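Bear in mind that the values in this text are calculations on the coordinates, not laboratory data. This is a predicted model, so every value here is computed, not measured. Ideal geometry is used to build each Cβ from the backbone, glycine not excepted, and the neighbour counts take in all protein chains shown.
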Amino acid sequence: MNKRLRLRRRLMLLALLAIAYPILNHGVDMLGWFKKKEVFLSSEVNGVIIKNGTPLANLEVTRSLMYIDEKDHIDVAITDSAGHFHFPQKSIRSSIPNRLFSEDRVSQQITVVQNNELLPIWFANHIGIEEVPEFSKKLAFMNCELTNKRVSFQFRNINSEHNDHIASSICRWQTDYKPIWLYDGESEYRVNNYDLNDLSKRK
């Protein structure tokens, strides 16, 4: 057997060991890769849509939730006479979390159409397949004034003191809400000191 063939076999063995080690080390069952786990997509959503302070009834609100399997889970709600809308908690079952090197990510979008314009009630992504309590607090009550400009904002991440969560919305919150960008048509503005009255236009 020549040296080149022996070297190739050793490299193949090392590659197999590199794959097998995490499986043996963590006690992963190969058949477990095909078992399904619960993936948390969204907590319960409650919100009110108003325009110039007046509640808007019969508006169609759409929630779109997507896991890394790229299947779009869509729900629709209609605002009542008080402008209120609601979505229940949403989870799915998937085998993807059992796969090695799976980067679990969920995309959440809630939108409403007003005068043929698509308005963002909530745009956000979160990592993992478990409920994120900080997201749940924001989605528990959403005060959405349609004349507001869309804002990207930061809010607390209990798992990382120096790495806040980020979302985008026309809605506003009284607490744990640090706006960083405001969007007005084609223009973007930096929000200074988290104060929506102190803006610097992006050049």
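Two numbers describe the Cα atoms of segment 35-201: Rg and Dmax, which are 16.6, 52 Å. Backbone geometry of segment 158-168 corresponds, through the Karplus equation with coefficients 6.51, -1.76 and 1.60 at θ = phi - 60°, to 3J(HN,Hα) couplings of 5, 8, 8, 4, 10, 9, 5, 6, 10, 9, 9 Hz, x marking Gly and Pro. Remark: His126, His84 ranked as His84, His126, counting other beta-carbon atoms within 10 Å and listing the fewest first.
Among Ser187, Ser169, Ser91, sorting on how many other beta-carbon atoms sit within 10 Å of each Cβ, with the fewest leading, yields Ser187, Ser91, Ser169. Of the chymotrypsin sites (Phe, Trp or Tyr not before Pro) found in segment 129-172, those in coil by DSSP whose Cβ has at most 15 other Cβ atoms within 10 Å are Phe141. Among the listed pairs Lys178/Lys201; Lys51/Lys90; Lys178/Lys203; Lys36/Lys71; Lys138/Lys178, those with a Cα-Cα distance over 20 Å are Lys51/Lys90; Lys178/Lys203.
Close amide-amide hydrogen proximity is noted between Glu145 and Ile50, Arg172, each under 5 Å apart and 5 or more residues distant or on a separate chain (H modeled in the peptide plane; Pro and chain starts excluded). In terms of other Cβ atoms within 10 Å, Ile180, Ile78, Ile49 run from fewest to most in the order Ile78, Ile180, Ile49.
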